Amino acid sequence: MGMDAWILGAPLKVLRQEDHPYHETTLATLGRHELGLCRRETAQGPACEIFLDGRSIYLPGAAAPGRPWFDLCRELGYEPARHWDWDPALILFQQVVPALSSDWHEPPIDFNNQGMPDGVISLAGLRQTFAEAVSDLRREPLGPVAARVAETFEWLPLRAVVFHDDAQLPLDFEGTGPCGRVSLWLGIHRDRPVVIERQSPAPANRPWSAVVGERIPPETFLVAAGLDPEPPKGFDSALQSALTHVCRWMETPLDAYRRTYPVGISWHHGRRERLLGRTIVDVLPGDPPMLVLDDGTEVAINHDPVVAPEHGGI
């Protein structure tokens with residue numbers, strides 16, 4: 001596995017593999033944690049059971065890994081808003097499991113076309129649903145303004161979903177979790193995404209918006225899509241209509257995805273947390289120079305001289 005694609009801030013080290021008569025197993029370490037992968041035969045074909053620190057965190061047929069895996073991803077620096085196109089399930093099944101099973105002697109584990117076990121709900125499926133919702137904007141012949149709106153969304157793929165959970169918030173009226181927010185990050189460039197958000201679980205008839213109480217200027221969508229930022233007449237109303245259509249299309253799958261996420265995990269690191277315990281892996285020249293840390297964070301070096309205190313002699 002190429003380390004340039006590795007998301008977590010600790011190396012995965014395979015310790016040993018064992019080929020038992022009925023199943024194969026692999027043991028590894030991830031930072032200070034222990035991982036185990038055990039092959040299982042099911043009616044649907046070969047599958048796997050995954051262990052973390054001696055506890056089973058995934059059995060065939062589950063919709064998501066167990067909470068300890070989410071906590072580990074948070075501990076090792078994963079943040080959905082920074083690590084586009086990844087979530088804990090994708091990291092586990094598209095990065096960790098292939099590395100653990102690469103030298104197995106048995107036939108490979110049967111994953112679907114998203115590189116996931118059947119039944120697992122992940123960001124990959126949500127991105128596919130978003131693309132289907134955008135494609136549906138062209139189900140009928142469009143005028144020039146509506147076609148421009150559809151083109152804008154086609155250049156704004158769903159890159160990340162962030163649940164803004166706060167363990168201190170009270171549970172919702174159903175007792176299923178905090179009344180937090182969910183935000184969808186769209187864009188082709190990390191430095192200029194469009195972020196739309198809504199309360200989660202969603203109150204009835206509560207619209208999606210950029211920031212609570214505000215609307216996104218239409219130019220923001222065009223710039224994020226890399227298109228001409230000058231909107232044609234009528235673009236704003238057509239954009240809002242299309243945004244409502246796409247978000248309504250997403251609500252049911254997004255609710256199912258939300259239920260796979262353990263509540264109360266804060267997915268945003270403060271600056272102190274992001275820097276504490278990190279290792280410098282590279283230095284980028286420039287003005288100012290940048291330190292690259294092992295989790296991908298870049299930190300500017302303050303090259304202003306520090307005034308040394310004067311020490312008087314005898």
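No lab work stands behind these numbers, since they all come straight from the coordinates. Please read these numbers as outputs of a predicted model, since none were measured by experiment. Here the Cβ is made from the backbone with ideal geometry for all residues, glycine too, and neighbour counts use every protein chain on show.
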(request) Would you mind calculating the relative contact order of the stretch 3-100 from Cα pairs under 8 angstrom and at least 6 residues apart, reporting the percent as a whole number? (result) 21
(message) Assuming 0.36 nm per residue, please report the length gained on full extension of the stretch HIS245 to ARG16 beyond their Cα-Cα distance.
(response) 77.4 nm
(message) Once you place label points 7 Å from the Cα toward the Cβ at VAL292 and SER102, how far apart are they in nm?
(response) 2.1
(request) Quick one: grab Rg to one decimal and Dmax as a whole number for the stretch 3-100, Cα atoms only, in Å. (result) 13.4, 44
(request) Quickly work out the TRP155-to-ALA256 label distance, labels modelled 7 Å from Cα along the C-beta direction, and quote it in nm with one decimal. (result) 3.2
(request) Kindly put LYS13, LYS233 in sequence by how many other C-beta atoms sit within 10 Å of each C-beta, fewest to most. (result) LYS233, LYS13
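Would you kindly state how much longer the chain becomes between GLU230 and ARG32 on full extension, computed as 0.36 nm times their sequence separation minus their alpha carbon distance, in nm to one decimal? Don't jump to the answer; show the numbers that get you there.
Values: separation 198, 0.36 × 198 = 71.28 nm, distance 5.21 nm.
Between GLU230 and ARG32, full extension yields 66.1 nm more.
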